[in-house]
Amino acid sequence: MSETKRTRIQTENRKIILQAALEVFARDGFRGATVDEIAKTAGMSKPNLLYYFPKKDDIYRSLLESLLGTWLDPLHDLDPNGDPAREIAAYIERKIELARDYPTESRLFANEMLRGAPILEDVLKGELKPLVDQKVAVLRSWMKTGRIAKVDPYHLIFAIWATTQHYADFDAQVRAVLGTQSEGRFHDAATSLKQIFLNGLRPR
């Protein structure tokens, strides 16, 4: 069913199903989740749900593809014509905002990676890799002109992913160590990470 041919009700029902699926997959994992439980959580019959998604794999894949799009938006926004320090700082800020606003989604995505990405492997190679390669070229151009220090650009991106998503995937650990439930921990994280990365990337 193409996006252009969906009615408003069909689009809304898909959103309801995916939101319910997020709740069920996050709680029960992929293996433990069932179509019956997703339909129950969505407040619709199983046949109605299967009209939109014939299999559990289809729901899971659609949900993960949507999440991947959300995670990649900040990387898309990295402007090759912008000031490198500001662009990298903005990228870190956006990634921390995603950790704050989409913690369940982040953990679901992380679980898929821990499973070896059986559902998303082709999407990662077909969508993620070309985008990362493109932004690596931007980083290399900044390094070549001496605007930021020379480091491996792939591992720089990996490091930003790892440190920012930590605040979603290990939020319980972060709150336990900091002894706070305050949303200010995300602001503090962004401030500290920007300092660490930008100091490390300062031209020598």
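Any read-out appearing in this document is the output of simple, stated calculations on the displayed coordinates, not a laboratory observation. What you are looking at is a predicted structure, and each value in this text was computed from that prediction instead of being measured. Here Cβ is always computed from backbone atoms with ideal geometry, including for glycine, and neighbour counts include all displayed protein chains.
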May I ask which residue of 145, 67, 165 lies farthest towards the positive end of the charge dipole of segment 31-173, with charges of +1 (Lys, Arg) and -1 (Asp, Glu) on Cβ and the Cα centre as origin? 145
Net charge over other residues, Cβ less than 13 angstrom from the Cβ of residue 173 (K, R count +1; D, E count -1): +1
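Percent relative contact order of segment 1-106, based on C-alpha pairs within less than 8 angstrom and at least six residues apart? Display every interim value, and only then the final one.
Working: 56 pairs, mean separation 25.3, N = 106.
Answer for segment 1-106 is 24 percent.
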Once you charge only the Cβ atoms, +1 for Lys and Arg and -1 for Asp and Glu, what is the size of the charge dipole of segment 1-54 about its Cα centre, to the nearest 20 debye? 180 debye
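Could you tell me the relative contact order of segment 63-201? Use alpha-carbon pairs under 8 Å, at least six residues apart, and round to a whole percent. Show your work: numbers first, answer last.
Working: 92 pairs, mean separation 50.8, N = 139.
Once divided by the residue count of segment 63-201, the mean separation gives 37 percent.
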I'm spelling it out carefully: the read-out is semi-axes √(5λ) of the Cα gyration tensor in Å, the candidates are (1) 26, 22, 17; (2) 35, 21, 14; (3) 24, 22, 18, and one was derived from this structure. Which label? (2)
Which of 55/125; 95/150; 125/150; 15/150 have a Cα-Cα distance over 32 Å? 15/150
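Using the crude model of +1 on Lys and Arg Cβ and -1 on Asp and Glu Cβ, and no other charge, please compute the dipole size for segment 1-117 relative to its Cα centre, in debye to 20. Write out the running numbers ahead of the final one.
Working: 18 positive and 19 negative charges, 128 e Å.
It comes to approximately 620 debye.
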For the charge dipole of the chain, defined by +1 on Lys and Arg C-beta atoms and -1 on Asp and Glu C-beta atoms about the Cα centroid, which residue among 197, 30, 91 has the Cα displaced farthest towards the positive pole? 197
Point-charge dipole on Cβ atoms (K/R +1, D/E -1) for segment 63-201, about Cα centre, debye to 20: 540 debye
For segment 103-180 the mean separation of alpha carbon contacts under 8 Å (6+ apart) over residue count, i.e. relative contact order in percent, is 39 percent
